[in-house]
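Got a structure for you, questions after.
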Amino acid sequence: MRTLITILMLAGLAMAQDAQHQQGVQTRGDQAMGFSHEMTTHHFLLTKNGGVIEAEADNPNDKASRDAIRQHMGHIAKLFSDGDFNAPMFIHGQTPPGVPTMKRLKDQIAYHALPTGRGAEVRITTANPEALEAVHQFLTFQIKDHHTGDSTEVH
């Protein structure tokens, strides 16, 4: 009985810590990105040669969020190209998996921001197998930490 109570208490503590972490990710994300997570949707996709970071305004008439997303994604593509991953490190409160390798192999990875109908995406591509693994680790972490429900399978 005592063991069960201890397990339940630890499970409750872990859930509270996860909820607190998730709130921090959302708050810091809104601050770093310049648009509200409540009015937009993020997706992270793993591809055979890299992946995609996508954000779109939920409301097709929300031009302010759309424009903020486009500006942010252009900025992120430039920062990541330069090996600067301070934004995701700030948002998540830790260094996401894959980042050290992505920094080291920055010249082996290309980042291109492209507008979409309601926002923008950053296409990440590489021909380097080590860089590809790092990109997939980074995007898988994003999927899990943002709770997007996106597949972690390579498409």
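The values are calculated or read from the model by the stated rules, or taken from the named source; none is laboratory data. What you are looking at is a predicted structure, and each value in this text was computed from that prediction instead of being measured. Here the Cβ positions follow ideal geometry from the backbone for every residue, glycine too, while neighbour counts run over all protein chains shown. Just the protein is used for accessible areas: all its heavy atoms, side chains included, with ligands, DNA and RNA removed. Shrake-Rupley method; radii C 1.70, N 1.55, O 1.52, S 1.80 Å.
Condition (residue is surrounded by fewer than 17 Cβ atoms within 10 Å (Cβ to Cβ), among the small types (Gly, Ala, Ser) and outside any strand (DSSP E or B)) applied to segment 134-143: is it met by at least one residue?
Taking every residue of segment 134-143 in turn, none turns out to be surrounded by fewer than 17 Cβ atoms within 10 Å (Cβ to Cβ), among the small types (Gly, Ala, Ser) and outside any strand (DSSP E or B).
Please name all residue pairs, on different chains or six or more residues apart, with Cβ atoms under 8 Å, provided the first residue is in segment 92-115 and is modelled with pLDDT under 95 and the second residue is of a type in the set (Asp, Glu).
Within 8 Å, the pairs are His92/Asp145; Pro96/Asp145.
For Ala55, are the conditions met, namely being touching a Lys or Arg at 6+ places or on another chain (Cβ under 8 Å) and not in a helix (DSSP H, G or I)?
Considered against the rule, which asks whether it is touching a Lys or Arg at 6+ places or on another chain (Cβ under 8 Å) and not in a helix (DSSP H, G or I), Ala55 comes out as no.
Could you tell me which numbered condition Phe44 fails, if it satisfies all but one of (1) in contact (Cβ under 8 Å) with a residue 60 or more places away in the chain; (2) over 23 Å from Asn128 (Cα atoms); (3) touching a Leu at 6+ places or on another chain (Cβ under 8 Å)?
Unmet for Phe44, out of (1) in contact (Cβ under 8 Å) with a residue 60 or more places away in the chain; (2) over 23 Å from Asn128 (Cα atoms); (3) touching a Leu at 6+ places or on another chain (Cβ under 8 Å): (2).
OK, next. Output the number of residues of segment 115-133 satisfying the condition of being surrounded by fewer than 17 Cβ atoms within 10 Å (Cβ to Cβ) and assigned to a helix (DSSP H, G or I).
3
Taking segment 58-114, which residues are over 26 Å from Pro129 (Cα atoms), open to solvent by 80 Å² or more (accessible area, probe 1.4 Å) and outside any helix (DSSP H, G or I)?
Correct list: Pro60, Asn61.
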